[in-house]
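Beneath this line is the structure, given in structure tokens, with notes to follow.
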Amino acid sequence: MSDKPVVRLEKDGDIGVIIVNYPPVNALGPGVADGIIACLNQANGDPAIKAMVLMGDGRSFIAGADIRGFGTGRKRAPLGERTYDVMDRSPKPIVAAIHGFALGGGLENAMGCHYRIAVPSAKVGLPEVLIGILPGGGGTQRLPRLAGPQVALEMIVSGRHVPAPEALKLGIIDELVPAGADMRETAVKKARAVANIRPLPRVRDRAAHADPGIFDAMRKSIARRARNQKAPYNCILAVEAACTLPFEDGMKREQDLFLELENADEAKALRYAFFAEREVAKLPDMPASMKAADFSKPAVIGAGTMGGGIAMSFADFGYDVRIMDATEEGLTRGMDRIRNNYATSVKRGSLAQDEMDRRLARIHPVAGYDDIADCDVVVEAVFERMDVKKPVFEQLDRVMNPDAFLFSNSSALDLDDLASVTKRPEKIAGTHFFSPANVMKLLEVVRPPRAAPDTLATAMALGRRIGKISAIAGNTDGFVANRSRAPFNSEMVILLEEGCLPEQVDKVMIDFGYPMGPFAVGDLAGLDIGAEGRKRRLAANPNYRTLPIADKLVEMGRFGQKTGAGWYRYDKSDRTPHPDPFVADLIAQVATQMGVRQKTFTDEEILRRLLFSSINEACKIMEEGKAYRASDIDVMWLHGFGFPRYRGGLMFWADGIGVRDVYNQIASWHQQYGERWAPSALLRQLAESGTSFRDAKPAPFV
Ligand code: 3HC
């Protein structure tokens, strides 16, 4: 922490430069707003100062309000006495000089200034909706006046970060700092140039006019993705107020709409998710000296669906990547698939043709191991069987530079066993991508016991550099994400045996907030994949709970979308799942054969049966020391499985129910259904001590 005050006033001749210094990103933490006001008052009271500049020290302008302060009963200055109110009353002009980020309260303060300049790499935005609130510092009133209601609506409802050159076009900033010029010098020059301009151009004095239809159109367009949420709708109401009410009344309306959100469950869950995503990067038992290696030449082995997606992830983030496959046909097919995937994005309008061409040109198909020998990091993505993966690692160990990192995309296999075929087990770790690999944000970094700290740091950094959220997992069957999800996958099929239909279960989970139901997801991923894993587990454990309905579908060649039928049936060239009476009959038949009496289920029972089974498994994972924190498991569920973000994550949601209630229910299902519901010892301990899942202390990582 720096020993400078959180806000200081420096003099640059006749210009007062107000500098915020609250590392790392200059959030508006304790003392910052008061400091800005004090410096503004001091500068306004100093006859030698003609104009002011507001800027940030370190890596950013101001990243917004201090999120840690929300929901803590923090005291906020009343309307009319906040930083931007003091700016509005300032008799001297203020120039905001933006680098890094001007987000939330940061942009709101910048909009309180009379002029805004930014370096080209800066980003501005009002991302409050992403943490379940709305811009509560005048953002919903000033942005529509500055950039127009349509732009403001889009930015505030999406929360997106707008790059400075675009912000210039939208009128949010007035000038870009020329390349090579010093930002502070440019801002001081600007302040001097506008020192005598009167009246001062205040954003609040502008008018915002909108076609009233844009608000309903926005409500309609977000209906699906904003399901069960309030913040996006309050954002729309607040921008609407900017267009219909005088400024002061609009500010009051914004305040009321903000207060409705700050302490709601939605905001609590989203704040939790924000911090969980940052915590997950921390490996508490690793030496502080642990450093990620800088890699620049990645290679992918295996040009199947996963390998192709992984290669695309590298190419999408600017890496030249080499890709190889066991056969020439496999490689050609893989490259065709990659090309088709990009072409689909171009057709949908989410990717420009020239960008597709650039990305495709970065993916280099190569014939064999010798062609990747100089690569510094390899991700293996061949067929998920140890006898297929081991020879690949033997070859890699032979040809690759001894410093190269060898990562496996296995989703379940023992990576220590895999590492044992090489002479460099310390360089081996798992990088488990989720399908589709170029889309899903989660990268599960699997830590076999012999992996060196810098290997893990490099695998974690690899994820970050290609836009993923890396989360560490222990080397246990299914690792953490899939292992914690596995009981859910079994339970959903067992529910069919007991009387549910796929479409009923899917509806419950969609209502809960998932983008797709689990049966429809199964059809998308391919039912043959799960069947392989079940076979392997049954071979290893004769007591393994089989899923006869799922196995029968696979035996019949109903693999899901790719065969036109799975849990649902699909029409040609259409991905809509249609409930299939054939499946309903099959379920009834199998239930009869198994002697299970079918009954009806409430939505709540279905939801709890699925999620509680996974909560119990997550506790087992923690008690075995295979995860650092419950919140890491939440991050995995958010980014690997589409768990609704506004519910925080599996374990956060469970805390909302209460650890004792969860335990009691699981214990009662243990009585009813037997061993598969045996409560985890950690869960029992938490229930007995009344400790939340969030505060659970997992066993030391092994
Ligand atoms: N409040 C509190 N802490 C914050 C913060 C904030 N607004 N923004 C970042 N941090 C913390 C992070 O938790 C992290 O802490 P850690 O090192 O202890 O884990 C540290 O700052 C660095 O953050 P990142 O790791 O995220 O750094 P990046 O460089 O990757 O990203 C960023 C920087 C884009 C600014 C990102 O941190 C971010 O998106 N921050 C949140 C921005 C935001 O939502 N602003 C709006 C706040 S709400 C508001 O302003 C309300 C107002 O309208 C009334």
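If I take every Cα pair under 8 Å that is 6 or more residues apart in the chain, average their sequence separation and divide by the length, what percent do I get for the relative contact order?
The value is 9 percent.
The DSSP beta bridges internal to the chain are antiparallel in roughly 25% of cases. Adding -39500 (n - 2.57) for every DSSP H run of four residues or longer, then dividing by how many residues the chain holds, sets the calculated 222 nm ellipticity at -14500 deg cm²/dmol. The alpha carbon gyration tensor of the range 569-614 gives principal lengths a ≥ b ≥ c with a/c of 1.5 or higher and a/b no greater than b/c, which makes the shape oblate.
For the range 7-263, the equivalent ellipsoid built from the Cα gyration tensor has semi-axes of 29, 19, 17 Å, listed from largest to smallest. Structural descriptor for the range 298-478: relative contact order 21 percent, calculated from alpha carbon pairs under 8 angstrom and at least 6 residues apart.
Relative to one another, the C-alpha centroids of the range 276-292 and the range 589-637 are positioned 29 Å apart.
Each of the peptides 189-199, 631-641 was scored by the mean count of other Cβ atoms within 10 Å over its residues; in descending order, highest first, they stand as 631-641, 189-199.
Each 10 Å bin from zero holds the following percent of Cα-Cα pairs in the range 40-177: 12, 43, 35, 9, 0. Dipole orientation for the chain: of the candidates GLN395, TYR84, ALA226, TYR84 has the Cα lying most toward the positive pole (charges on Cβ; Lys, Arg +1; Asp, Glu -1).
I need THR563, THR344 ordered by Cβ neighbour count within 10 Å, fewest first.
Starting with the residue having the fewest Cβ neighbours, the order is THR344, THR563.
Computed extension length for ASP511-THR563: 16.0 nm, one decimal, from 0.36 nm per residue of separation with the Cα-Cα distance subtracted.
If a spin label sat at a point 7 angstrom from the Cα of ASP249 along the line to its beta carbon, the backbone N atoms of the range 203-221 nearer than 18 Å would be those of 204-212. Across every pair of non-identical alpha carbons in the range 298-478, the mean reciprocal distance, once inverted, gives a Kirkwood radius of 16.1 Å. Among TYR115, TYR514, the ranking by other beta carbons within 10 Å of each residue's beta carbon, starting with the fewest, stands as TYR514, TYR115. Dipole size of the chain about its Cα centre, with +1 on Lys/Arg Cβ and -1 on Asp/Glu Cβ: approximately 940 debye, rounded to the nearest 20. Expressed per residue, the C-alpha convex hull volume of the chain stands at 175 Å³. With the highest mean first, a sort of the peptides 211-221, 393-403, 21-31 on other beta-carbon atoms found within 10 angstrom per residue produces 21-31, 393-403, 211-221.
When only alpha carbons are used to place a centre, the range 375-401 and the range 498-555 end up 30 Å from one another. Kirkwood hydrodynamic radius of the range 644-702, from the reciprocal of the average inverse Cα-Cα distance over all distinct pairs: 12.3 Å. With respect to the cross-link table entries LYS220/LYS347; LYS230/LYS282; LYS282/LYS427; LYS75/LYS230; LYS123/LYS468; LYS4/LYS190, which display a Cα-Cα separation exceeding 22 Å? Cα-Cα > 22 Å for LYS220/LYS347; LYS230/LYS282; LYS75/LYS230; LYS4/LYS190; rest within.
Among 361-371, 468-478, how do they line up by average Cβ neighbours within 10 Å per residue, starting with the highest?
468-478, 361-371
Farthest toward the positive end of the dipole of the chain, out of GLY132, ILE472, THR602, is the Cα of GLY132, where the dipole comes from beta carbon charges about the Cα centre. Which shape class applies to the range 447-552: rounded if a/c is under 1.5, otherwise prolate when a/b exceeds b/c and oblate if not, where a ≥ b ≥ c are the square roots of the Cα gyration tensor eigenvalues? Because a/c hits 1.5 or more and a/b fails to exceed b/c, the range 447-552 counts as oblate. Normalised by the number of residues in the range 7-263, the mean separation of alpha-carbon contacts (under 8 Å, six or more apart) gives a relative contact order of 19 percent.
Every read-out reported here was derived from the displayed coordinates using simple, explicitly stated rules and does not represent laboratory data. Note that the structure is predicted; figures quoted are calculated from it, not measured. Cβ coordinates were reconstructed from backbone atoms using ideal geometry, including for glycine residues, and neighbour counts include every protein chain displayed.
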